[in-house]
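*Asks:* Take this structure, written in structure tokens, and hold onto it; I'll ask about it next.
The values are calculated or read from the model by the stated rules, or taken from the named source; none is laboratory data. The model shown is predicted, which means the values in this text are computed figures rather than measured ones. A quick note on method: Cβ atoms are made from the backbone with ideal geometry, for glycine too, and the neighbour counts reach across all protein chains shown. Accessible surface areas use protein heavy atoms only, side chains included; no ligands, DNA or RNA. Shrake-Rupley method; radii C 1.70, N 1.55, O 1.52, S 1.80 Å.
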Amino acid sequence: MAKISEIEPLVLAHTEKGSATWASVMIVVKVVTSNGMVGYGEAVPTLRVINVYNTIKQVSKGYIGKEAEEPEENYQEWYKQDFYLARSFESATATSAIDQALWDIVGKELGAPIYKLLGGKVRDKIPVYANGWYQDAITPEDFAEKAKEVVKRGYKALKFDPFGPYYNWIDEKGLKEAEERVKAVREAVGNDVDILIEHHGRFNADSAILIAKRLEKYNPMFMEEPVHHEDIEGLRKYRQHTSLNIALGERLISLKETAVYVSEGLVNILQPDLCNIGGITIGRKVISLAEAFDVEIAFHNAFGSIQNAYSLQMSAITPNLYLLENFYDWFPQWKRDIVFDETKIENGHVKVPDKPGIGVSINEKLIESLKVEPKELEVQEEPVWVVKGTWKKYLT
Ligand SMILES: O=C(O)[C@H](O)[C@@H](O)[C@H](O)[C@H](O)CO
Ligand SMILES: [Mg+2]
């Protein structure tokens, strides 16, 4: 048995940015045990870099001195202590990152990748879909041209947000612009590629329903976060008036919260994020919850290469996997180098990495060299979650 002796939050940044503001930094958690084992996890930055950094320090107080090989017991104990864990994004992501690092340590101790600890893989290669590919795309032609490149690389599915600056309400002009972009992509990729429509949880139900009716002829595989995250009534209304698949889950931070959407039939493709949902400990339960209700899984995987490595481990054990989200081909190089570029995408798939624990080796030297003091991210008119440049036209 090894005790958790140290937990260090690390904020990493580089001049080469990601495709969205909030993906321009990575928050990594390093856990060290009394017998010198080291594990890594990743937390979600968004606009809360300082808060998350500080919360990791607070949550650490509940983990230091505990057995590293008991992530389940530690999670349960921390859940009790934190009191607001299921209400605090910061706590949820801090706890998730620490939990991941513990599973990494257990795997390293036993000499097995996480997928082996959880019953073994059900596939050797993880099919992925592309996101982040449409930087600076504004016109339908821009989208079509970039979509063709994605398909050429071997992807069988791609996701994008065609709604520009529209927020809450969408008018005829907005519907027309979105339709033209989606039509252009459908024509560019043909009928054998899945088109996934991202709404970024920003419409009221009536507008989202109008969008669904307008876009359904292009046969999108799913409509992601069509209404605001907390608008469950709106989602019910959307469900009643549309017949397209709903994808959501990136902002869910507990098992029981997830159960509400799954058991009510409000989601077809569940997108848990292993960096907020409660790490591997809760992630594995969410997979089973979804499986019981015939809901597919497509882990949300929009931040860094450590998140990506855990998402690959968990996708390997998920019988009900649709596809794993992937930004890897559009990552800045430094993010790829953190895992020695070991999770390359070939023909729309990633081979399941099988080193002990997280599955990949971590470039500790690079992590040290990218370390910065946590600081606030600038708030700009272009929302923090967009793929950069897609709002340009509307800003000038
Ligand atoms: O599903 C997703 O991946 C998320 O909604 C976001 O993380 C954004 O798409 C991303 O930030 C854009 O760059
Ligand atoms: Mg999303």
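*Asks:* Taking a cut-off of 16 Å between Cα atoms, list the aspartates and glutamates near K351, but don't count ones fewer than 8 places away on the same chain.
*Replies:* Cross-link targets: D124, E325, D329, D341, E342.
*Asks:* Do any of K176/K237; K61/K108; K121/K256; K125/K237 go past 32 Å between their Cα atoms, and which?
*Replies:* Result: K125/K237 exceed 32 Å.
*Asks:* Here's a follow-up. Can you pull out the chymotrypsin sites (Phe, Trp or Tyr not before Pro) in segment 310-396 that DSSP calls coil and that have at most 14 other Cβ atoms within 10 Å?
*Replies:* F340
*Asks:* Related question: Which whole-number value in Å² is the accessible area per residue of the chain, probe 1.4 Å?
*Replies:* Solvent-accessible surface per residue comes out at 40 Å².
*Asks:* On to the next question. Computing the accessible area with a 1.4 Å probe over protein heavy atoms, can you report the carbon and sulfur percentage for segment 89-199?
*Replies:* 48 percent
*Asks:* Please give me the summed charge of the neighbours of N54: other residues whose Cβ is under 11 Å from its Cβ, Lys and Arg +1, Asp and Glu -1.
*Replies:* +1
*Asks:* Based on the Kirkwood radius over alpha-carbon pairs, what is the Stokes-Einstein translational diffusion coefficient of segment 222-319 at 4 °C with 1.567 mPa s viscosity, in µm²/s?
*Replies:* The diffusion coefficient I find is 96 µm²/s.
*Asks:* Once you put a point 7 Å from the Cα of D171 and another 7 Å from the Cα of E368, both along the Cβ direction, what distance in nm separates them?
*Replies:* 5.8 nm
*Asks:* Tilt of helix 140-152 relative to the longest C-alpha principal axis of the chain, in degrees (0 to 90, nearest 10)?
*Replies:* Its long axis makes an angle of about 50 degrees.
*Asks:* With unit charges on the beta carbon (Lys/Arg positive, Asp/Glu negative), name the residue among H349, N308, A298 whose Cα is farthest towards the positive pole of the charge dipole of segment 275-353.
*Replies:* Checked the options; the winner is N308.
*Asks:* By a straight-distance test (C-alpha under 17 Å), which lysines pair with K365 as possible cross-link partners, with residues fewer than eight away in the same chain excluded?
*Replies:* K30, K335
*Asks:* Test of the criteria: in segment 1-50, which GluC sites (Glu not before Pro) are in a DSSP loop and have at most 11 other Cβ atoms within 10 angstrom of their Cβ?
*Replies:* E16
*Asks:* While we're on this one: Sum up the charges of everything whose Cβ sits under 11 Å from the Cβ of K3, counting Lys and Arg as +1 and Asp and Glu as -1, but leave K3 out.
*Replies:* Residues close to K3 contribute a combined charge of -3.
*Asks:* Dipole size in debye (nearest 20) for the chain around its Cα centre, Lys and Arg Cβ +1, Asp and Glu Cβ -1?
*Replies:* 340 debye
*Asks:* Moving on. Which trypsin sites (Lys or Arg not before Pro) in segment 305-396 sit in a loop by DSSP (not H, G, I, E or B) and have at most 12 other Cβ atoms within 10 Å of their own Cβ?
*Replies:* Loop-located and lightly packed - K344, K375.
*Asks:* In whole Å, how far is the Cα centre of segment 192-243 from that of segment 295-350?
*Replies:* 25 Å
*Asks:* Can you give the calculated 222 nm mean residue ellipticity of the chain, where each DSSP H run of n ≥ 4 adds -39,500 (n - 2.57) and the sum is split over every residue, rounded to the nearest 500 deg cm²/dmol?
*Replies:* Per the formula, -12000 deg cm²/dmol.
*Asks:* Right, here's the next one. Taking the Cβ of V29 as the center, what net charge do the other residues with Cβ under 9 Å away carry, scoring Lys and Arg +1 and Asp and Glu -1?
*Replies:* -1
*Asks:* To check my understanding: the extent here is largest minus smallest coordinate of the Cα atoms along each principal axis. What are those three numbers for segment 4-112, in Å, largest first?
*Replies:* Over segment 4-112, Cα extents along the principal axes are 37, 33, 20 Å.
*Asks:* What FRET efficiency comes out for Q333 versus E264 if R0 is 51 angstrom and r is the Cβ-Cβ distance? Round to the nearest 0.05.
*Replies:* Between Q333 and E264 the formula returns 0.75.
*Asks:* For the chain, take the longest principal axis of its alpha carbons; what is the angle in degrees between that and the long axis of helix 305-317, to the nearest 10 within 0 to 90?
*Replies:* That works out to roughly 90 degrees.
*Asks:* Give or take rounding to whole Å, what are the principal axis extents of the alpha carbon atoms in the chain, in descending order?
*Replies:* 62, 43, 39
*Asks:* Once the cut-off is 18 Å, how many percent of the Cα-Cα pairs in segment 262-396 end up in the long-distance tail?
*Replies:* Counting every Cα pair in segment 262-396, those more than 18 Å apart make up 63 percent.
*Asks:* Between K125 and N191, what is the label-point separation in nm under the 7 Å Cα-to-beta-carbon projection?
*Replies:* Going from the N191 label point to the K125 one covers 2.5 nm.
*Asks:* Here's something else I'd like to know. Hey, any idea what % of segment 247-385's accessible area is carbon plus sulfur with a 1.4 Å probe?
*Replies:* Reported share for carbon and sulfur atoms: 50 percent.
*Asks:* When the dipole is taken about the Cα centre of segment 4-112, and only Lys, Arg (+1) and Asp, Glu (-1) are charged at their Cβ, what size is it in debye, to the nearest 20?
*Replies:* So the magnitude is around 480 debye.
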